[in-house]
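The values are calculated or read from the model by the stated rules, or taken from the named source; none is laboratory data. Predicted model only: the values in this text are computed from it and were never measured. Calculation scope for accessible area: heavy atoms of the full protein, side chains included, ligands and nucleic acids excluded. Shrake-Rupley method; radii C 1.70, N 1.55, O 1.52, S 1.80 Å.
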Amino acid sequence: MPLSRRALLTTAGAALFLGAAPPALARPRPAAATAIRQIPLQGAVNVRDLGGYATYDGRRVRHGLAYRGDHLAKLTDADLATLAGLGLGTVVDLRIPLEVGHDGADRLPAGAVPVARPVTDHGLFGQLTAAIGSRDPVRQEEMLGGGKAAAFMREVYRTFVTDPANRAAFAATLRDLADPRRGPLLLHCTSGKDRTGWTSWLLLTLLGVPEPSARADYLASNTFRAAYDARVREGLKQGGLMQNPDLIVPLQEVRAEYLDTALDQVRTSYGSVFRYVSVGLGLELRELAALRERLVPEA
């Protein structure tokens with residue numbers, strides 16, 4: 001007797017969280033590779049549609065409902081017109097108040113409801129500004145050199161799992177994505193790569209997108225941010241703030257080791273992604289089914 005749609009969702013979801021394709025879906029229908037869909041803007045470089053990815057059962061994540069991005073404080077009027085065309089209902093800002101105070105509040109099109117939902121950066125913003133502001137190459141090397149910057153980033157990723165307030169913010173954002181009353185939703189932090197990257201990886205995984213595709217979306221921030229980040233480093237050098245601006249490269253990039261650090265912490269703290277989602281985030285199977293029902297159309 002064939003499984004009901006809800007039973008299939010539950011079976012598929014549990015298997016996916018445990019890290020394996022469910023037996024009934026182990027051989028997905030062939031699907032062409034999907035290019036990541038960037039939203040071209042002048043005042044932000046890492047805004048993308050999370051739709052289009054193929055799932056284990058050969059369906060695709062809906063376009064136009066879930067977006068990820070970097071901060072929106074510097075948008076031009078033309079950018080606002082572009083975002084207005086997306087029909088955004090909700091914009092979730094994962095930045096801490098210190099970041100908002102530095103870069104400014106988001107500029108949003110009419111109709112988009114802002115939601116402040118800070119996720120701690122574990123002091124990253126403060127450490128970075130202190131190092132750069134010192135103008136002292138010796139201090140900067142002491143703070144960021146010798147693998148210290150990358151080690152700090154790994155600690156940031158551990159807090160995505162260990163910090164209760166962070167887990168609550170991720171859970172609330174996933175619930176918002178499952179709620180059709182919210183309309184299309186864009187989530188972002190400052191660079192759109194770490195807090196946003198983890199949330200987006202979780203979302204795609206919960207929707208049944210295979211690990212290589214979810215990981216490729218995470219790592220794509222390096223491609224979209226490369227030119228902008230290089231200009232930042234050159235500006236720091238030309239402005240006399242850093243003799244060796246390459247010290248901040250580990251803070252600017254996403255790396256597989258960062259994502260793997262979070263996943264290692266998931267296994268240490270919860271044993272599996274399933275328990276992280278169900279126990280750590282407190283999401284129920286009915287909520288996960290609603291998320292998939294909204295964002296993955298019927299075949």
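Helix 148-162 versus the longest principal axis of the chain: what angle, 0 to 90°, nearest 10, using Cα atoms?
40 degrees
Taking the Cα atoms only, what angle lies between the long axis of helix 164-178 and the longest principal axis of the chain, rounded to 10 degrees?
50 degrees
Go ahead and estimate [θ] at 222 nm for the chain from helices alone: -39,500 (n - 2.57) per DSSP H run with n ≥ 4, summed, over the residue count, rounded to 500.
-14500 deg cm²/dmol
Provide the percentage of antiparallel DSSP beta bridges, counting only those with both residues in the chain; round to the nearest 5.
30 percent
What residue among G51, G101, G197 has the largest mean-square fluctuation in a Gaussian network model of the chain, using Cα springs under 10 Å?
So, out of G51, G101, G197, the one fluctuating most is G101.
Under a GNM of the chain (C-alpha, springs under 10 Å), which listed residue has the highest mean-square fluctuation: T120, T190, T223?
T223
Rounded if a/c is under 1.5, else prolate if a/b beats b/c, else oblate: with a ≥ b ≥ c from the C-alpha gyration tensor eigenvalues square-rooted, which is segment 70-182?
oblate
Quick one: pull the percent of accessible area on the chain belonging to carbon and sulfur, 1.4 Å probe, ligands and nucleic acids left out.
57 percent
Might you tell me the accessible area per residue for segment 169-220, computed with a 1.4 Å probe and given in Å²?
23 Å²
Determine the per residue accessible area of segment 228-299 with all protein chains present and a 1.4 angstrom probe, expressed in square angstrom.
I get 48 Å² per residue for this part.
Among [x] -0.68, -1.04; [y] -0.44, -0.92; [z] -0.59, -0.99, which is the computed log10 I(q)/I(0) by the Debye sum over Cα atoms at q = 0.09, 0.13 Å⁻¹?
Entry [y].
Would you mind pulling out the separation of the Cα centroids of segment 217-294 and segment 63-141, in Å?
If you average the Cα positions of each part, the centres end up 15 Å apart.
With the chain treated as a Gaussian network of Cα nodes joined by springs under 10 Å, which of L128, L206, L88 yields the largest mean-square fluctuation?
L128
So which aspartates and glutamates can K193 reach, going by Cα to Cα under 16 Å and dropping same-chain residues fewer than 8 places off?
Hits, sequence-local ones excluded: D49, D70, D93, E99, D121, E155, D217, D229, E253, E257, D260.
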